[in-house]
1. So how many residues does segment 48-68 have that are modelled with pLDDT of 90 or more and either assigned to a strand (DSSP E or B) or surrounded by fewer than 17 Cβ atoms within 10 Å (Cβ to Cβ) (or both)?
2. Give LEU107, LEU97 a once-over and let me know the one that is closer than 14 Å to TYR56 by Cβ and in contact (Cβ under 8 Å) with a residue 12 or more places away in the chain.
3. Quick one: in segment 75-104, which of the residues that are modelled with pLDDT of 90 or more and hydroxyl-bearing (Ser, Thr, Tyr) is surrounded by the fewest Cβ atoms within 10 Å (Cβ to Cβ)?
4. Please go through segment 79-96 and give me each residue that is of a type outside the set (Val, Ile, Thr), closer than 15 Å to ASN114 by Cβ and not in a helix (DSSP H, G or I), ordered by number.
Amino acid sequence: MKYMKTALGYMVIFGTITFGVLIGSYFLKKEKKSNYYSKYYWVKVKELSDDQGWYYEIYKGDSMLIKQVNIPGTSGKQFFTSNTDAKKIALLVVNKLERKILPYISLADLDSCNINFKK
């Protein structure tokens with residue numbers, strides 16, 4: 001009888017730990033969907049507060065380097081229509097920063113990434 005109580009106790013502890021790991025993994029994966037990392041930089045893609053579109057922020061460490069609300073390289077105030085579009089351009093900018101290239105975004109860059117915008 002004593003053996004069964006000990007075995008049951010170990011099973012309860014093991015089940016609790018397993019459940020905790022699964023729940024923790026779920027929340028960690030959920031957070032990474034909105035944050036994209038490179039070696040030195042990380043990107044946050046967010047929705048504008050008035051639901052007009054999406055924008056991105058690029059950080060190095062704890063310091064924000066870039067907050068890009070409008071689609072770069074376009075005329076007027078044009079916003080990214082999806083988080084995917086904002087992410088594509090943000091990652092292109094990060095790639096240029098890592099290669100020590102001026103992170104300028106041209107119309108050709110926007111076209112090659114299939115970004116929706118008015119010309």
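The values are calculated or read from the model by the stated rules, or taken from the named source; none is laboratory data. Keep in mind the model is a prediction, meaning the values are calculated, not measured. In this analysis, Cβ positions are derived from the backbone assuming ideal geometry, glycine residues included, and neighbour counts consider all displayed protein chains.
1. The total comes to 13.
2. Exactly one of LEU107, LEU97 is closer than 14 Å to TYR56 by Cβ and in contact (Cβ under 8 Å) with a residue 12 or more places away in the chain, namely LEU97.
3. TYR104
4. PHE80, SER82
Residue-wise test of (1) over 19 Å from the mean Cα position of the chain (by Cα); (2) of a type in the set (A, V, I, L, M, F, W, C).
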{"position": "SER49", "(1), (2)": "no, no"}
{"position": "ILE71", "(1), (2)": "no, yes"}
{"position": "LYS88", "(1), (2)": "no, no"}
{"position": "LEU92", "(1), (2)": "no, yes"}
{"position": "LEU97", "(1), (2)": "no, yes"}
{"position": "LYS100", "(1), (2)": "yes, no"}
{"position": "PRO103", "(1), (2)": "no, no"}
